[in-house]
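Undergrad: Supplied in structure tokens, the structure appears directly below.
The values are calculated or read from the model by the stated rules, or taken from the named source; none is laboratory data. Since this is a predicted model, take the numbers as computed values, not measurements. Don't worry about glycine lacking a Cβ; one is built from the backbone with ideal geometry, like all the others, and counts go over all protein chains shown.
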Amino acid sequence: KILGLSTLSGGGGLLTYSDSSPLRSILHANATHDSDGNPIRKKKVVVLGSGWSGYSFLNYLNNPNYDVQVVSPRNFFLFTPLLPSVTNGTVEARSIVEPIRHLMRKKGFEYKEAECVNIDASNKKIHCRSKDGSNLKGTTEFDMDYDILVIAVGAKPNTFNTPGVEEHAHFLKEADDALTIRKSVINCFERASLPNITEEERKKILHFVVVGGGPTGVEFSAELHDFLVEDVAKIYPTVKEFTRITLLEAGDHILNMFDKRITAFAEEKFQRDGIDLKTGSMVVGVTADEISTKERETGKIVSEPYGMVVWSTGIGSRPVIRDFMQQIGQGQRRVLATDEWLRVEGCDGVYALGDTATINQRRVMEDIAEIFSKADKGNTGTLNKKEFNGVVKDICQRYPQVNLYLKKNKFKNIAQLLKSANGEDTEVNIEKFKQALSEVDSQMKNLPATAQVASQQGKYLAKCFNKMEKCEKKPEGPLRFRGEGRHRFQPFRYRHFGSFAPLGGEKTAAELPGDFVSIGYSSQWLWYSVYASKLVSWRTRMLVISDWTRRFVFGRDSSSI
Ligand code: FAD
């Protein structure tokens, strides 16, 4: 009795089955006893988090030999790419969430609505606290043991300790944040429409400030601008002339992780639309009434009154992860480090996925240097063109970060980078290569903190877990890539399928694989179809499509409910 096909992360489908299905009972019967009929003790896998990486892991995990327990303060999966559309009522918050209990029931996993507050890696225990324990009288905290821990808790907004941000700015990370922003925008218009308000006060209330010119800040500014132009102008005609959107970016450009053509187009479009784009402007403080910035060109501190501030400047580690990092000797690092198999370095049986972790760069560079040394069979310190090309291909396939670095620095491939270090030599000098590599090492970016990376990591780890017993029984799998011995699985490899930057007015910029850039209405339709297809269930897909249709036909809902 096949129930459905999952399409999370777009990478093919996964067959799921009902609790009563014969397929399930066969799988479970085989799994709970070994070939001699002795019962097998199931390994306890505790998964922290129900976001992109955690949900993807759970969705693809199909091994009945694990007793899976999920701990997350959020009993739903949230489709974050459509969160900016919730802030102006284009899409409803309920349309982009999928209750986690559906998946738990289908898979036979257990869920606890709680937050993990401490990880004790030496005793393989976690300490949890119920999200809302106000009526529970003494039962709000509990401990759980694990054999394997999968950390997928994501990250928290990073304020860089800027004074007043926590107290006065809005973040855009969770469904509740988007709903609060929506109410706040409408409330600003209602307040500005009251009688006896001075013109100055009106201007202040209707000044919307967005901090951070990354994809989220840009998309939010674009959505807000659409709302003001398409809906607010009709609903609040008397105050529309007082509205202003300011986008503050500390760097030289917005969307600086995108192709330069996209950045230029976005900056021009925002200027045309009347969005006040200020680059080289770093926020140094926020009070209840004013936001202060330090201008790079003049070095002066400038303060401006505002009605609402949205803070979107990047992410940082959650407190539970910071404590855990101290415990396992990673206290000096900024982000939790894993190896390429997503195992947390410095402890046993713990994996980390998504925004919460990063693959240790140093190891990657050591491995790359080792691939070169291995290819240099004659130990001559040089490689010929054929050997070199093989190595280059291997590196680029294994390490997408290298590709991202090359692209950013306008090298077509690693061979071109080496040409700049190595001149026109027909043989590649390994020492010179290593020098070029140290440059890459210091500048190379981590994998981007995106849903694409998180969901691919979840899927990768689930597939490893699905094959775990088979590989333990037959360890003659692929040779371990680094050091001595064998490793059972290929390391994680990220495949980049491209990125979108919605710019408002039914225009989107798309950066697709192969250096292909498309900007305009056609990309907007591509955006609609890709996101509709990536939604995790038919229920959410139908809801989102109906929200988009409602918006086209009736406009956005401007009630502050
Ligand atoms: P999350 O998805 O954040 O999930 C973390 C989970 O852990 C949540 O369920 C949370 O409740 C739970 N949790 C938190 N603390 C604890 C704890 N202590 N114990 C247990 N559980 C805990 N990426 C793209 O690729 N494309 C986009 O268009 C895009 N748009 C975005 C728009 C917005 C507004 C935002 C905020 C992000 C966007 N991203 C996008 C980035 C993407 O959402 C993240 O990279 C992705 O969510 C990371 O997945 P994750 O599993 O690491 O964390």
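Undergrad: Yes or no: Thr293 surrounded by 15 or more Cβ atoms within 10 Å (Cβ to Cβ), more than 12 Å from the ligand (Cβ to nearest atom), under 26 Å from Arg182 (Cα atoms) and not aliphatic (A, V, I, L, M)?
TA: Considered against the rule, which asks whether it is surrounded by 15 or more Cβ atoms within 10 Å (Cβ to Cβ), more than 12 Å from the ligand (Cβ to nearest atom), under 26 Å from Arg182 (Cα atoms) and not aliphatic (A, V, I, L, M), Thr293 comes out as yes.
Undergrad: Report yes if some residue within the stretch 271-284 is in a helix (DSSP H, G or I), in contact (Cβ under 8 Å) with a residue 24 or more places away in the chain and either assigned by TED's automatic domain parsing to the domain that holds Gly307 or within 18 Å of Thr87 (Cα to Cα) (or both); otherwise report no.
TA: yes
Undergrad: Checking Ile315 against (1) in contact with a Pro (Cβ under 8 Å, 6 or more places away or on another chain); (2) among the aliphatic types (A, V, I, L, M); (3) over 30 Å from Thr508 (Cβ atoms): exactly one of these is not met. Which one?
TA: The one condition Ile315 does not meet is (3).
Undergrad: Name the residue that is farthest from Leu342 (Cα to Cα), counting only residues in the stretch 494-513 that are among the charged types (D, E, K, R) and in contact with a strand residue (DSSP E or B) (Cβ under 7 Å, 6 or more places away or on another chain).
TA: Among those residues, the one meeting the criterion is Lys507.
Undergrad: When only residues in the stretch 242-263 that are among the polar types (S, T, N, Q) and at pLDDT 90 or above count, which is nearest to Trp311 (Cα to Cα)?
TA: Here the answer is Thr246.
Undergrad: Shifting gears a bit: For the structure I just gave you, tell me whether Gly329 is outside the structural domain of His170 (by TED's automatic domain parsing), at pLDDT below 95 and on the phi > 0 side of the Ramachandran plot.
TA: So Gly329 fits the description; yes.
Undergrad: Also, I was wondering about something else. Condition first: among the acidic types (Asp, Glu), in contact (Cβ under 8 Å) with a residue 24 or more places away in the chain and within 11 Å of the ligand (Cβ to nearest atom). Can you find one or more residues in the stretch 198-209 that meet it?
TA: no
Undergrad: Give the stretch 81-115 a look and list any residue that's more than 18 Å from Lys173 (Cβ to Cβ) and in a strand (DSSP E or B), or say none.
TA: Pro99, Glu110, Tyr111, Lys112, Glu113, Ala114
Undergrad: While we're looking at this one, here's another question. Scan the stretch 86-97 and give yes if some residue there is at pLDDT 50 or above, farther than 30 Å from Ile181 by Cα, surrounded by 14 or more Cβ atoms within 10 Å (Cβ to Cβ) and of a type outside the set (Phe, Trp, Tyr), otherwise no.
TA: No, the conditions are met nowhere in the stretch 86-97.
Undergrad: Here is a list of conditions, (1) in contact with a Lys or Arg (Cβ under 7 Å, 6 or more places away or on another chain); (2) surrounded by 16 or more Cβ atoms within 10 Å (Cβ to Cβ), and Ile321 meets all of them except one; can you say which number that is?
TA: So Ile321 meets the others, but not (1).
Undergrad: Right, another one. Given the criterion at pLDDT 90 or above and away from the ligand (no atom under 16 Å from the Cβ), identify the matching residue among Tyr531, Tyr521.
TA: Exactly one of Tyr531, Tyr521 is at pLDDT 90 or above and away from the ligand (no atom under 16 Å from the Cβ), namely Tyr521.
Undergrad: Hey, does the stretch 178-193 have a residue that's of a type outside the set (D, E, K, R), under 30 Å from the mean Cα position of the chain (by Cα) and within 12 Å of the ligand (Cβ to nearest atom)?
TA: yes
Undergrad: In the stretch 305-313, is there at least one residue being without any contact (Cβ under 8 Å) to a residue 60 or more places away in the chain and part of a loop (DSSP other than H, G, I, E, B)?
TA: Within the stretch 305-313, none of the residues are without any contact (Cβ under 8 Å) to a residue 60 or more places away in the chain and part of a loop (DSSP other than H, G, I, E, B).
Undergrad: Please verify whether Asn161 is assigned to a loop (DSSP other than H, G, I, E, B) and within 27 Å of Leu336 (Cβ to Cβ), treating the condition exactly as stated.
TA: yes
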